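K.L.:
Shown below is the structure under consideration.
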Amino acid sequence: MDERRVTIDTSAAGQRLDRVLASALPELSRTRLQALIAAGSVRELSGARVAAATKVRAGQVFVVILPPPVDARPQAQVIPLTIVYEDSDLIVIDKPAGLVVHPAPGNPDLTLVNALLAHCGDTLSGIGGVRRPGIVHRLDKDTSGLMVVAKTDQAHRALSAQFAAHSIGRVYVAVVWGVPKSKEGVIEGAIGRNPRQRKQMTVLSHGGKPAVTRFRVISTLGHPPLATQIECRLETGRTHQIRVHLASIGHPLLGDPIYGRRPRRRSEGRVAEAEALARALGRQALDARALAFEHPTTGRRLKFDREIARDLRDLISSLESL
């Protein structure tokens, strides 16, 4: 740990703490200092916690604790992978729910990238950056299913171009609350950050990025139905697209902790059983079942399709019996 001490002189009295510290420690940006303050790494000498907007007094002493630097390059970690297909250009993975795709704040290791580095060594494409080598697209941590990863820069560019052109075929299976009015349909709505909850996405009337999701009903679940198994095909790939779009039409995913509030119903006993099943699932009921794209070297159309994850199959079976 690296520790810095800053004593406030009379000329700085009355100013914001983050501003004073940025002036006293020019090697640290004000944004970095605000993050350290929020993390509790900046305190008065007495040990009292402070806020970035705290007005300082002459003679106060603040202690700034700098955590040891973190290696920006993920380390190889041996984690079991289900490999559906692999050649010298790419690898197709069946990602389990619970596995984060790449390192990020709060998930520094034990990610798909760490596992790929152990499996592929230094052959992964570097275009994605040191923290995202080979990653062309992502699945949410708690979404299971098929992903393609580039092993060369050429493959990365070619696959990224297909995603940008919306020529990648992606089929998802979801379990949602209620029954859609139509057996099939198209959901269109620009998606962007929720202005009230910045960590969430939402459908925006102004701004955002265009998003299109096609869906069809596979089966209704329960007697009478409480939920529906549907198939979704993406024409675009926005953050949380399926989750946001289905919630926007009143049919959120079971088990979704962010967008998954279910509508009120009369059969509260059966609903309670369904909610218990959703909680037992421990994740949103979404699975990337199928993936299709042109091979970046041969040009051959590759198609991958597999049975949905076992925990979703068990959820569907249990809901059918309600």
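Read the figures in this text as sums done on the coordinates, not as results from a lab. All values derive from a computational prediction rather than experimental measurement. All Cβ positions, glycine included, derive from the backbone under ideal geometry; neighbour counts span all protein chains shown.
K.L.:
After finding the eigenvalues of the alpha carbon gyration tensor for the range 1-139, what semi-axes result from the square roots of 5 times each, listed largest first in whole Å?
P.N.:
Rounded to whole Å, the semi-axes are 45, 13, 12.
K.L.:
Convert each backbone phi in the range 10-15 into a coupling constant with the Karplus relation 6.51 cos²θ - 1.76 cosθ + 1.60 (shift: θ = phi - 60°), then list the ³J(HN,Hα) values in order as whole Hz, x for Gly and Pro.
P.N.:
5, 5, 9, 4, x, 8
K.L.:
With angles folded into 0 to 90 degrees, how steeply does helix 268-281 sit against the dominant principal axis of the chain? Use alpha carbons for both and round to 10.
P.N.:
For helix 268-281, the angle is close to 70 degrees.
K.L.:
Given the options Ala278, Ala118, Ala52, which has the most mean-square fluctuation in a GNM of the chain, springs set between C-alpha atoms less than 10 angstrom apart?
P.N.:
Greatest mean-square fluctuation among the candidates belongs to Ala52.
K.L.:
What dipole magnitude, in Debye to the nearest 20, does the range 170-322 give about its Cα centre under +1 on Lys/Arg Cβ and -1 on Asp/Glu Cβ?
P.N.:
480
K.L.:
Please list, in order along the range 192-201, the HN-Hα scalar couplings obtained from phi with the Karplus expression 6.51 cos²θ - 1.76 cosθ + 1.60 (θ = phi - 60°), rounded to whole Hz, x for Gly and Pro.
P.N.:
Rounded to whole hertz, the list is x, 5, 5, x, 9, 9, 5, 8, 10, 9.
K.L.:
Further question: With the radius of gyration and the Kirkwood radius both derived from the Cα set of the range 165-297, what is their ratio Rg to Rh?
P.N.:
Ratio value, two decimals: 0.99.
K.L.:
Then there is this: Give the Debye-formula value of log10 I(q)/I(0) at each listed q (0.15, 0.16, 0.28 Å⁻¹), with one equal scatterer per alpha carbon of the range 142-191, two decimals each.
P.N.:
-0.67, -0.74, -1.19
K.L.:
Still on this structure, I have one more. Using only C-alpha positions, report the orientation-averaged shadow area of the convex hull of the range 14-76, nm², one decimal.
P.N.:
5.0
K.L.:
Using 7 Å Cα-to-Cβ label points, what is the Asp153/His223 separation (nm, one decimal)?
P.N.:
6.2
K.L.:
In the range 1-106, which trypsin sites (Lys or Arg not before Pro) are in a loop and have at most 13 other Cβ atoms within 10 Å, using DSSP for the loop call?
P.N.:
Arg57
K.L.:
Let me ask something else. Let me have the relative contact order for the chain, percent, based on Cα pairs under 8 Å that are six or more residues apart.
P.N.:
Result for the chain is 14 percent.
K.L.:
I would also like to ask the following. What's the long-distance tail for the range 226-312, i.e. % of Cα pairs beyond 16 Å?
P.N.:
I get 63 percent for the Cα pairs in the range 226-312 exceeding 16 Å.
K.L.:
Based solely on C-alpha atoms, express the radius of gyration and the Dmax of the range 264-322 in angstrom.
P.N.:
Cα radius of gyration and Dmax of the range 264-322 are 17.5, 56 Å respectively.
K.L.:
When Rg is the radius of gyration of the Cα atoms in the chain and Rh is its Kirkwood radius, what does Rg/Rh come to?
P.N.:
1.07
K.L.:
Additional query: Please give the charge dipole size of the chain, origin at the Cα centre, charges +1 on K and R Cβ atoms and -1 on D and E Cβ atoms. Round to the nearest 20 debye.
P.N.:
Rounded to the nearest 20 debye, it is 1200 debye.
K.L.:
Compare Arg300, Arg243, Arg270 in a GNM of the chain, Cα atoms joined below 10 Å, and give the one with the largest fluctuation.
P.N.:
Comparing Arg300, Arg243, Arg270 in the GNM, the peak value goes to Arg300.
K.L.:
Follow-up. Just want to confirm a number: the relative contact order over the range 215-322, from Cα pairs under 8 angstrom separated by 6+ residues, in percent.
P.N.:
Relative contact order, the range 215-322: 26 percent.
K.L.:
Quick one: what are the phi-derived ³J(HN,Hα) couplings along the range 301-314, Karplus 6.51/-1.76/1.60 with θ = phi - 60°, whole Hz, x for glycine and proline?
P.N.:
6, 9, 10, 10, 8, 9, 4, 5, 4, 4, 5, 6, 4, 5
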